[in-house]
Structure formats: structure tokens, C-alpha cells
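The values are calculated or read from the model by the stated rules, or taken from the named source; none is laboratory data. It should be emphasised that the depicted structure is a prediction, and the values quoted were computed from it without experimental measurement. Virtual Cβ from ideal backbone geometry, glycine too; neighbours counted across all protein chains shown. Just so you know, the surface numbers come from the protein's heavy atoms only, side chains and all, with ligands and any DNA or RNA stripped out. Shrake-Rupley method; radii C 1.70, N 1.55, O 1.52, S 1.80 Å.
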Amino acid sequence: MVSSLKDIALANKEVVLSFDDGPVPGRTESILATLDEFGVKATFLMVGQMAQAHPEIARKVVADGHSVGSHTFSHPNLRAMSFDRALAEVSKGSKAVAKATDTDASFFRFPYLADTGRLRNMISDRGMVIMDVQIDSKDYFKDSPAVVASRTVAALRHRGSGIILMHDIHRRTAAMLPALLTQLRAEGYKVVHLIYKKPAHKPLLVASLD
């Protein structure tokens, strides 16, 4: 149960599976089937316009017991935008994902991991949990599924634990996932499921005038 980034404290050999940019017909469902086969849960950071276009798949992610969050509405580089435009893009994306999934989209990841301190503070103040990345699968490179799986496991061995970044928009990701999960199981890694917990309200300071 996490309410903020600081709550995501992973022990050695613990990993979080995360998928960005979907949902995409055929590929997201394939990933869901593999996750179900291995009995593990993940977090899907959905692009708002993708969730809006494929609400039935977005709802299936939730129905299968996974956590969802937003990844803005149209996947721009927020660092290259004005603060107000960037914040509007975050809000629009979160609302689109929440509407498509009929649940809170309280996790968030910056597209291209391009953040700013001001945006991070504002998004956190809104009660959203920002998901950073420790293990980048680089599944967006045009490598074979086997190469993607090997690279991910090698990075994880080096670091010991962390949030793994993948994308459910790529065929190679769906293809390599069984091998990756098989290897994680063989090496004793534990997949941790992040569940959002609404933070306690900040105390209100009331001043009285005599």
C-alpha cells in the first residue's frame, strides 16, 4: 500500500513490473494473460488518449487486479512545455484514464522521464504517486525479445531490486515477458504489487480573530 513515492521501499530481490503507453489491442491482452499465468500483478501507466480509445481493454486491466495510473493525455515532453500547459496535460490524462477504467488513476509517470522539481511537487501535492524507474528494459529498441529479457535481468542483477519499465505497445515486450518472469522466478525475485492508498488529509491550520 503506497501513498507517495517514499512508500515504495523495495528490499533486495523485490521488483515492481510497470508498463507504459497502452492500452493497445492484442498486445495489452497478451501481457495480461502472461501475468495471470505467472500469478503476478503489475502497474499500467496509461496514455489518456489510448485509454479513451480502448476503454474495454483499460477496464480489463483493472478487472484482472492490476493497478493503473496515467502517463499524461498525449505523451508530450512536459519539461519542454510551460508549467500551466504541462499541468493541464497531466490533469487531462489522469481524468481520461480514470473515466476509461472507472477507478482512480493515482499513479503517474513522466513521459520520457522528463520531469521538473516544480511539476513533481505539484503532482505529489495532488495526492498522486510518481513512479520513477530503476530498471529500464529498453524494449523500445529494435532488439529481439531474448535480448530485451537478458538485458533486463542483467540490469536487475546489478542493482538488486527496483521498478522495471516496460511498454505494452510493443510485440517484443509481450513476446519476451514469459522468459523474463521465468528467469525472475528461477533467481528468487519477488514481484511486488503496488496498491494506491489515499494519503491522510493534511491538518488544517485555523486562525481565530479576537
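Karplus-derived 3J(HN,Hα) values for the range 7-12, using 6.51 cos²θ - 1.76 cosθ + 1.60 with θ = phi - 60°, are 6, 8, 10, 9, 7, 4 Hz; glycine and proline are entered as x.
Between S91, S70, S18, the residue with the greatest mean-square fluctuation in the GNM of the chain (Cα pairs under 10 Å linked by springs) is S91. When the Gaussian network model of the chain links Cα atoms closer than 10 Å, the mean-square fluctuations of L156, L113, L181 top out at L113. Gyration tensor analysis over the Cα atoms of the range 115-173 returns equivalent ellipsoid semi-axes of 28, 14, 8 Å (largest first, whole Å). Set Lys and Arg Cβ to +1 and Asp and Glu Cβ to -1, take the dipole of the range 111-185 about its Cα centre, and tell me which of G162, S124, M176 lies farthest positive. Positive-end residue among those listed: M176. Rounded to the nearest 10 degrees, what's the angle between the helix 83-101 long axis and the longest principal axis of the chain, both from Cα atoms, 0 to 90? Taking Cα atoms only, the helix is inclined about 60 degrees. Across the range 43-190 the C-alpha pair distances fall into 5 Å bins from zero in the proportions 2, 10, 18, 19, 19, 16, 11, 5, 1, 0 percent. Using 20 Å as the Cα-Cα cut-off, could you pick out the over-long pairs in K41/K197; K95/K190; K13/K142; K138/K198; K95/K197; K60/K95? Table pairs above 20 Å Cα-Cα are K95/K190; K13/K142; K138/K198.
Based on protein heavy atoms only, the range 98-210 ends up with 57 Å² per residue of surface accessible to a 1.4 Å probe. Less than 5 angstrom separates the built amide H of F44 from those of F19, S67, V68, G69, all sequence-distant by 5 or more or on a different chain.
Run the accessible area of the chain with a 1.4 Å probe and give the carbon-and-sulfur part as a rounded percent. Its accessible area is 53 percent carbon and sulfur atoms.
When the Gaussian network model of the chain links Cα atoms closer than 10 Å, the mean-square fluctuations of R118, R185, R172 top out at R118.
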